[in-house]
Amino acid sequence: MNILVLVKHVPDATADRHFESDGTVDRVGVDGLLSELDEYAVEQALQLTEKREGEEHTVTALTVGPEKAVDAVRKALQMGVDQGVHVSDEAIAGSDAVATSLVLAKAVEKLNADRAVDIVVCGLASTDGSMGVVPAMLAERLGWPQVTLASVVETQGDQVRIKRDGDTATEVIGATLPLVLSVTDQSGEARYPSFKGIMAAKKKPLETLTLADLGVEAGEVGLGAAWTEVVDTTARPPRSAGEIVKDENGSGATALAEFLAAKKFI
Amino acid sequence: MSEVLVLVDHVDGAVKKPTYELLTIAKRLGEPSAVFIGAAAQGAEVAEKVKAYGAEKVYVVDDASIKGYLVAPKAEALQQLAQQVSPAAILITSGAEGKEVAARLAIKLESGLITDAVDVADDATTTQSVFAGNYTVQAKVTKGTPIITVKPNSAAPQEAPGAGVVEEFGATVSEGAKTAQIVASQPRQATGRPELTEAAIVVSGGRGVGSEESFAVIEALADSLGAAVGASRAAVDAGWRPHSYQIGQTGKTVSPQLYMANGISGAIQHRAGMQTSKTIVAVNKDEEAPIFELVDFGVVGDLHTVLPALTEQVTQRK
Ligand SMILES: Cc1cc2nc3c(=O)[nH]c(=O)nc-3n(C[C@H](O)[C@H](O)[C@H](O)COP(=O)(O)OP(=O)(O)OC[C@H]3O[C@@H](n4cnc5c(N)ncnc54)[C@H](O)[C@@H]3O)c2cc1C
Ligand SMILES: Cc1cc2nc3c(=O)[nH]c(=O)nc-3n(C[C@H](O)[C@H](O)[C@H](O)COP(=O)(O)OP(=O)(O)OC[C@H]3O[C@@H](n4cnc5c(N)ncnc54)[C@H](O)[C@@H]3O)c2cc1C
């Protein structure tokens, strides 16, 4: 199988994330990393090939992002992915989801033309924008089936079945390759890169592509071309410290009951 | 005035509360029209419900050729309807499915998309709460028809009678949209409690609850308050409650009037799902737990003694 896994480089959620004055995310001044939820996508991509022994497989990690975004691909290579592609172009900065999905779709189409792609594996959502829309947009653009939010993935021949916990039901979804798949953090712990994996990653092929390579005009993407505009960003004032009491012989429950009564919850 | 399309959020024809919230918001932007994609036979019943909240029109799209598939056919139906009525905006509930329908629709209609709005002003400027609730962002769609997904509990539903004129809309679903098939579906068992994302009060338990059996303590308190029950990922990963209970980055986002975190430390990923709650209360035996930075009221103590005593007092005060 020929699998593409989409990995996003995001600012560390435990660091002090913030916006630039133009409403874009500061992706330079804050440490970045492979979006944690995309580790699950890498893991499932690797497992899909491991479950189909005896076949020939290639797993390629693809990212769209600034210079540092290549670190997301590197991490995927260390985890065991075979090769990496980094789409990087000044003109992409500030793209909204629609434009990002365009660049990703063009990259998938280019790789697909070189060698037919079977599955594009995505995370459930990025940990910065966290829209959870790119997989559906990509499927729409490619005209491929989307099987999203999988907690379990199985393939047999050219058939894929996933299990997912929907909002109102647990479902089994079926589709035929090629397709776009997204997986949740319920799909199984992601592996850590081994020392051997880290050393091997240094020798794996890593290609950098620009918009011109994909046949995308600079004017189609980026902040200026975005179909959405950030008007204002404000840091939320920290919640003012509330009252904290220590429970002693039942005093905690009484104090809490009084608080809830004062607020008219009881 | 232009129409504003509101996709009706429902389960087998039972309209969910966020629909009324969206209709209330739609009234600020134009003339609300509800779009019901479901069994045509239920159209009239649904129209009765949504007209009370201002729906002037109710488009009924029979889902006979739609319901066995994932989101693509729904997006096609909405596209065809939008092309016919040229709405001022399209509002959809911010759930996993709603966001995917919106995503496809944005590409089809060449329109900007904003997800997870917590408010929408009369000029369609949206408010989002981002970075685990640490930032508030105001944004606008600048191209095409604004497509906005709105989180539950973002507006108080206001009754305002509309005409509720039912119009059948025959959508043509392409074969290409029917490629991801729902092979099997097992509806979630009803708990008899309010739905997590819609509830006014949410009582949650984390690793500190200690066991599956001990979750009874959380549920007893929730029932005394008429609340929904939530869980941290630690409690879900331990198998004490199913994933549908999980609150946080990879679970549900809730924004109730009152959120009670019990035996939950307050990790950033958990905060992402509850930080916009109006009032936050925590019970935790560790006074250093980060959850206490968020609370309006906190009790340092053992939840196994504090919560049963609280439940008793709540019941007595009724
Ligand atoms: C706080 C915030 C709010 C935003 N709000 C909006 C908005 O309302 N509307 C809008 O149009 N844009 C918005 N954006 C911009 C949008 O997030 C980015 O354009 C982003 O590239 C696509 O959305 P996402 O990160 O939410 O991806 P998601 O849809 O959450 O990502 C799902 C999966 O797609 C893949 N993926 C996504 N991006 C990449 C990438 N660059 N490279 C490789 N794989 C990728 C990954 O597998 C990921 O797990 C917002 C950004 C931020 C930071
Ligand atoms: C990619 C990713 C996504 C994630 N998504 C989510 C998510 O959606 N939701 C989520 O919740 N987490 C999520 N997490 C996990 C998150 O980082 C934390 O690990 C998790 O929230 C911890 O759950 P907890 O607070 O119940 O457990 P802990 O952090 O172990 O805290 C337990 C707390 O209980 C207290 N306690 C123990 N015993 C008692 C007692 N008897 N009485 C009172 N207090 C007691 C302890 O003092 C402690 O503060 C995610 C993590 C990652 C990496």
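None of the figures in this text is laboratory data; all of them are computed from the coordinates on show. From a predicted model like this one, the values you see are computed outputs, not experimental measurements. Glycine gets a Cβ as well: all are built from the backbone with ideal geometry, and neighbour counts include every protein chain shown.
Across q = 0.10, 0.16, 0.17 Å⁻¹, the stretch B:201-317 modelled as identical point scatterers on its alpha-carbon atoms has Debye log10 I(q)/I(0) values of -0.23, -0.63, -0.72, in the order of the q list.
Ordering B:244, B:222, B:291 by the projection of their Cα atoms onto the charge dipole of the stretch B:201-317, which places +1 on the Cβ of Lys and Arg and -1 on the Cβ of Asp and Glu, puts B:244 at the extreme positive end. Normalised by residue number, the volume inside the convex hull of the Cα atoms of chain A is 199 Å³ per residue. Between residue B:119 and residue A:198, the modelled label-to-label distance comes to 4.8 nm, taking each label 7 Å out from Cα in the direction of the beta carbon. Computed over the Cα atoms of the stretch A:176-266, the ratio of the radius of gyration to the Kirkwood radius (Rg/Rh) comes to 1.25. Exposed loop positions in chain A were taken to be GluC sites (Glu not before Pro) whose DSSP state is not H, G, I, E or B and which have at most 15 other beta-carbon atoms within 10 angstrom. Between these positions, the longest stretch is A:57-188.
If you bin all the Cα-Cα distances of chain B at 20 Å, starting from zero, the percentages per bin are 31, 53, 16, 0. Modelled this way, with points 7 Å down the Cα-to-C-beta line, the labels at residue A:82 and residue A:248 are 6.8 nm from one another. Rounded, prolate or oblate: which fits the stretch A:93-236 when a ≥ b ≥ c are the square roots of the eigenvalues of the alpha-carbon gyration tensor, with rounded for a/c under 1.5 and prolate only if a/b beats b/c? The shape class here is rounded. The convex hull drawn around the Cα atoms of the stretch B:3-177, when projected onto a plane and averaged over every direction, covers 9.2 nm². One compactness figure for the protein assembly as shown is 0.97, namely its Cα radius of gyration divided by 2.2 N^0.38 Å. Taking GluC sites (Glu not before Pro) as exposed when their DSSP state is a loop state and no more than 10 other Cβ atoms lie within 10 Å, the longest site-free interval of chain B runs over B:1-158. Relative to the longest principal axis of the Cα atoms of chain A, the long axis of helix A:70-79 makes an angle of roughly 80 degrees.
One decimal place: the segment residue A:240-residue A:220 gains 2.8 nm when fully extended, by the rule 0.36 nm per residue minus the C-alpha distance.
Using only side-chain charges placed at the Cβ, +1 for Lys and Arg and -1 for Asp and Glu, the dipole size of the stretch A:204-266 relative to its Cα centre rounds to 460 debye.
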